[in-house]
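Each remark here refers to the structure printed beneath this line.
The values are calculated or read from the model by the stated rules, or taken from the named source; none is laboratory data. Here the structure is a predicted model, which is why all the values come from computation and not from measurement. Note that we place each Cβ from the backbone using ideal geometry, even for glycine, and neighbour counts take in every protein chain shown.
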Amino acid sequence: MSDKTRKTNGLELPNFDPKESAVFATQVLDNLNIKSVLIGRLAVWYWLPDPAGHAYTKDLDTAIKKADRQKIIKHLSNLKYDIRELMIGGVNVHSAIDKINVDFIDRYSINEGDLSSLFEEAIEWATERINIKGTELYVISPEHLIAMKIATFERKDEDDAKNLLEYDFVDIKKLRGIIDRNIAPVRVKLEQLLREVGHPMAHRRQKYY
């Protein structure tokens, strides 16, 4: 495993400028007194230092508690934006004119699975703030972000998780605890990824003779 440390520079913005979406999301959340955290691609941009290799995104993703979904929908129903519920659990707000595209995600879905406990813990534990052109949002911890990425079982998210695991700011003991509490069945996937990136804390398979 290479010696990589956490970056200390500000958020880079390759391909997508989230300023208007960040301002909008913050206003909605503040009006409703709801705590949320930045997740998804923008959170990956924050934690990984090299923007040249970042994948494209077209929206700003925030994690919310499932109890807050209807509050947000009721609030947004009085506004002019296009609103649709997400299959994975949550709501999207879009306005091409105002350059707003925000997903408020609780990840509670009958068809797509229930990851709401993981999302709620990520919100409760978030302490770090990110500044996006003058607007501050809580940003998800790298450990909760990795857990979310692993839980999707999608290749692009698995690649993000592996990239994050290369960095020594990730607390593997904390990450294992997060997964064991919220999404225990994917623990085996975490251990596989740790071995693939050559992490020194990876659990090695025992050899029998």
Confirm whether Ser116 is in contact with a Lys or Arg (Cβ under 8 Å, 6 or more places away or on another chain) and either over 17 Å from Arg41 (Cβ atoms) or not assigned by TED's automatic domain parsing to the domain that holds Lys173 (or both).
-> yes
If you go through the range 30-44 one residue at a time, do you hit one that is modelled with pLDDT under 90, farther than 18 Å from Val91 by Cα and among the small types (Gly, Ala, Ser)?
-> no
What residue, of Ile100, Ile88, Ile73, is in the same structural domain as Leu29 (by TED's automatic domain parsing), among the hydrophobic types (A, V, I, L, M, F, W, C) and within 21 Å of Lys156 (Cα to Cα)?
-> Ile88
Just checking, how many residues over the range 138-156 are at pLDDT below 95 and closer than 16 Å to Leu60 by Cα?
-> 0
Inter-residue pairs, beta-carbon under 6 Å, first surrounded by 14 or more Cβ atoms within 10 Å (Cβ to Cβ) and in the range 60-89, second acidic (Asp, Glu), 6+ apart | Asp61/Asp103; Ile64/Asp106; Lys65/Glu120; Lys66/Asp106; Arg69/Asp106; Ile88/Glu112; Gly89/Asp106
Qualifying residues in the range 103-112 (those that are in contact (Cβ under 8 Å) with a residue 24 or more places away in the chain and out of contact with any strand residue (DSSP E or B) (no Cβ under 8 Å at 6 or more places or on another chain)) - the one farthest from Arg41 (Cα to Cα) = Asn111
Across the range 131-143, what is the total count of residues that are in contact with a strand residue (DSSP E or B) (Cβ under 9 Å, 6 or more places away or on another chain), in contact (Cβ under 8 Å) with a residue 40 or more places away in the chain and not aromatic (Phe, Trp, Tyr)?
-> 6
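In the range 92-104, what count of residues is obtained for those that are in contact with a helix residue (DSSP H, G or I) (Cβ under 7 Å, 6 or more places away or on another chain) and either among the aromatic types (Phe, Trp, Tyr) or assigned to a strand (DSSP E or B) (or both)?
Total satisfying the criteria: 5.
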Out of (1) assigned to a loop (DSSP other than H, G, I, E, B); (2) at pLDDT below 95, what's the single condition that is false for Val170?
-> (2)
With the condition kept exactly as written, say whether any residue in the range 122-140 is crowded, with 20+ Cβ neighbours inside 10 Å, touching a Lys or Arg at 6+ places or on another chain (Cβ under 8 Å) and under 14 Å from Ala67 (Cα atoms).
-> yes
Subset of the range 156-187 (residues that are in contact (Cβ under 8 Å) with a residue 12 or more places away in the chain and acidic (Asp, Glu)) = Glu158, Asp160, Glu166, Asp168, Asp171
Within the range 173-204, residues being part of a loop (DSSP other than H, G, I, E, B), under 24 Å from Glu121 (Cα atoms) and among the charged types (D, E, K, R) number 0
Quick one: which residue in Thr62, Thr57 is on the phi < 0 side of the Ramachandran plot, assigned by TED's automatic domain parsing to the domain that holds Val28 and not in a strand (DSSP E or B)?
-> Thr57
